Amino acid sequence: MTPLLQIKQLKKKHWDVQLKSELFSDITTTIERPERIALLGKSGEGKSTLLRILAKLEPVDSGQVYFNGKLMNEVDSRTWRMNLCYVAQQATMLPGTILDNLMISSKIHNRNFDENFAKQMLIEVGLEHLDWGKRAIELSGGEKQRIALVRSLLLRPTILLLDEITASLDQQSKELVEQLLNKHHQNEKLGFIWVTHDREQAKNISERIWYMENGKLARDIMTSEFFDEQAIFQSQVKL
Amino acid sequence: MSLLALSFTLLFVIITMLVSVWQKLDLEKDIAIGTIRAAIQLLAVGYILQFVFQSESVLFIILIICFMIIVAAFNAAKRAKGMTGVVWRIILSIVTMEILMMGLLLSLQIIEATPQYIIPLSGMTIGNAMVACGLFLTQLKRETESSKGEIETLLSLGATSRQAVQDVLKRSVKFSMIPTIDAMKTVGLVQLPGMMTGMIIAGADPVEAVRYQILIIFVFTSSSAITSMMLSMLCYKKIFTKDLQLKDWR
């Protein structure tokens, strides 16, 4: 069976060419089916850059990415992004109202706007009270982030690439977002790769961990195994 | 104006130089070069125009207009450092505007089909279009940088290059037209335009001079709109790589 996503020998140099070192290299891994993956690692390891490369928003220096057996460079960028949709850490609201933001993917792709689906998702992320006619720019940071997530889910991608999307949310909203994405994984077969620094969150939202360290994909294992290893390591340090 | 009277205008240059020396502005060399260049360029243009007006040759008119367009394009393209192939796009935009404007003016017999009308009017509209192109490119660069989040959000949702920059282009075109629209609103109240003033000084009837000035202002508005919109349509793809990623435009 063709894997859903295959990453082979991915390499990216630092944006500052004077540094002459690689941001990361030899990133090789496979996703067989829509999975929930938490991407962990210290700041500056290139986690966001990896997501942006997977979304085809940034060029790669070498290596290949395949989606459903098709090479990234051979697939039209728009088609690629409809399947692998990136959600940025800093949610950007498009000019206009909340409704304009929610309807944008249906406008772009000339599809009918699924109002009930949008309503349902807004209830699930605690934004049912919002007036859809309100200017999107006037929303709080947390509200913008949740609208951005719903906006991307309305595109119905195969894999969501989530870049620390709950960093600016309170605990309650964070849990609502986690529940929404877990539900979509279960019901809609949505896969996601979620960059987070919150280990507790990683436990809640993933079955697999990608851990980046020293410019490599140092660990690529099941979430339970990863945290078992961490627990053993920490107990050894204490001894 | 006699040559003697003209030579007295050098007094103004001398005053400027004295101010520069007094205030240690260190502008004397630039003022001297500017004065010599302005005098030579304008005198040369005067003699060339005199020759062309007398010859009434269509070829000379076209050559002069082509020269104006090329100089304007190279000058406006300086605002788009890092963007390749922008000169011919500006040329195409200005040529389209020039054909449309002159076509309308001549076919509706608003102006006479003589070099005396065609060359000065072309010069003014091409100059105005050059400013509009420069402003459009400057703003496009600024908007692309400041709206990176907006553009990438749209790209992430599967937008085409056109869809991703539609608002950025609108804002840039609007910006490029601000001077023309502001000038149209305040003309006669804040400033007396050069062409009208020149005609009045040369002895023309002020009402006749105003009529031509109204013509010029309307032509300016339309020429900057046509040129900016055309340039925006020709340039927006240059912001992206072939993979529809934003170029690092520095």
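Got at least one residue in segment B:152-163 being of a type in the set (S, T, N, Q), farther than 30 Å from A:N73 by Cα, in contact with a Cys (Cβ under 7 Å, 6 or more places away or on another chain) and at pLDDT 85 or above? I'd like the intermediate steps shown before the answer.
We begin by selecting, within segment B:152-163, every residue of a type in the set (S, T, N, Q); these are B:153, B:156, B:160-161, B:163.
Imposing the further condition that a residue be farther than 30 Å from A:N73 by Cα reduces the set to none.
The answer is no, given that none of the residues of segment B:152-163 is of a type in the set (S, T, N, Q), farther than 30 Å from A:N73 by Cα, in contact with a Cys (Cβ under 7 Å, 6 or more places away or on another chain) and at pLDDT 85 or above.
Among the helices (runs of 4 or more DSSP H) lying completely within segment A:84-168, list those that include at least 1 residues that are at the interface with chain B (Cβ under 10 Å from one of its Cβ atoms) and at pLDDT 95 or above.
Because the criterion is at least 1 residues that are at the interface with chain B (Cβ under 10 Å from one of its Cβ atoms) and at pLDDT 95 or above, the helices (runs of 4 or more DSSP H) in segment A:84-168 that meet it are A:98-108, A:141-153.
Of the residues A:E200, A:E213, A:E225, which is touching a residue at least 24 places away in the same chain (Cβ under 8 Å), over 16 Å from A:I31 (Cβ atoms) and over 16 Å from the mean Cα position of the chain (by Cα)? It would help to see each step written out before you state the result.
Numbers: A:E200 fails: touching a residue at least 24 places away in the same chain (Cβ under 8 Å); A:E225 fails: touching a residue at least 24 places away in the same chain (Cβ under 8 Å).
Only one candidate qualifies: A:E213.
If you check A:Q18, A:Q9, which single one turns out to be among the polar types (S, T, N, Q), over 14 Å from A:I193 (Cβ atoms) and modelled with pLDDT under 90?
A:Q18
Report yes if B:M184 is without any contact (Cβ under 8 Å) to a residue 40 or more places away in the chain, away from chain A (no Cβ under 14 Å) and either closer than 23 Å to B:A80 by Cβ or surrounded by fewer than 21 Cβ atoms within 10 Å (Cβ to Cβ) (or both), otherwise no.
Yes; evaluated as a whole, the condition is true for this residue.
Any residue at all in segment B:216-238 that is modelled with pLDDT under 95, within 14 Å of chain A (Cβ to nearest Cβ) and in contact with a helix residue (DSSP H, G or I) (Cβ under 6 Å, 6 or more places away or on another chain)?
yes
Give me a count of the residues in segment A:59-78 that are within 14 Å of another protein chain (Cβ to nearest Cβ) and free of Cβ contacts under 8 Å to residues at least 12 places away in the same chain.
Residues meeting the conditions: 7.
For A:Q179, state whether it is without any contact (Cβ under 8 Å) to a residue 24 or more places away in the chain and away from every other protein chain (no Cβ under 11 Å).
Considered against the rule, which asks whether it is without any contact (Cβ under 8 Å) to a residue 24 or more places away in the chain and away from every other protein chain (no Cβ under 11 Å), A:Q179 comes out as no.
If you check A:R135, A:R81, A:R146, which single one turns out to be in contact with a Gly (Cβ under 9 Å, 6 or more places away or on another chain) and surrounded by fewer than 19 Cβ atoms within 10 Å (Cβ to Cβ)?
The conditions single out A:R135.
Which numbered condition in (1) more than 18 Å from the chain's Cα centre (by Cα); (2) modelled with pLDDT of 90 or more; (3) exposed (fewer than 13 other Cβ atoms within 10 Å of the Cβ) is the only one that B:V13 fails?
So B:V13 meets the others, but not (3).
Have a look at A:R52, A:R81 and point out the one that is on the phi < 0 side of the Ramachandran plot, in contact with a helix residue (DSSP H, G or I) (Cβ under 7 Å, 6 or more places away or on another chain), part of a helix (DSSP H, G or I) and in contact (Cβ under 8 Å) with a residue 12 or more places away in the chain. Lay out the reasoning, then the answer.
Values: A:R52 fails: in contact with a helix residue (DSSP H, G or I) (Cβ under 7 Å, 6 or more places away or on another chain).
Selected residue: A:R81, the only one of A:R52, A:R81 that is on the phi < 0 side of the Ramachandran plot, in contact with a helix residue (DSSP H, G or I) (Cβ under 7 Å, 6 or more places away or on another chain), part of a helix (DSSP H, G or I) and in contact (Cβ under 8 Å) with a residue 12 or more places away in the chain.
Just one of the numbered conditions (1) surrounded by fewer than 18 Cβ atoms within 10 Å (Cβ to Cβ); (2) within 10 Å of chain B (Cβ to nearest Cβ) is not true of A:K42; which one?
So A:K42 meets the others, but not (2).
Could you list, in sequence order, all residues of segment B:139-169 that are surrounded by fewer than 24 Cβ atoms within 10 Å (Cβ to Cβ), of a type in the set (S, T, N, Q) and within 7 Å of chain A (Cβ to nearest Cβ)?
B:T160, B:Q163 - these are the residues of segment B:139-169 that are surrounded by fewer than 24 Cβ atoms within 10 Å (Cβ to Cβ), of a type in the set (S, T, N, Q) and within 7 Å of chain A (Cβ to nearest Cβ).
Answer yes or no: is there a residue in segment B:194-214 that is within 14 Å of chain A (Cβ to nearest Cβ) and without any contact (Cβ under 8 Å) to a residue 24 or more places away in the chain.
Within segment B:194-214, not a single residue is within 14 Å of chain A (Cβ to nearest Cβ) and without any contact (Cβ under 8 Å) to a residue 24 or more places away in the chain.
The values are calculated or read from the model by the stated rules, or taken from the named source; none is laboratory data. Please read these numbers as outputs of a predicted model, since none were measured by experiment. Every residue, glycine as well, gets a Cβ built from its backbone with ideal geometry; the counts of neighbours run over all protein chains shown.
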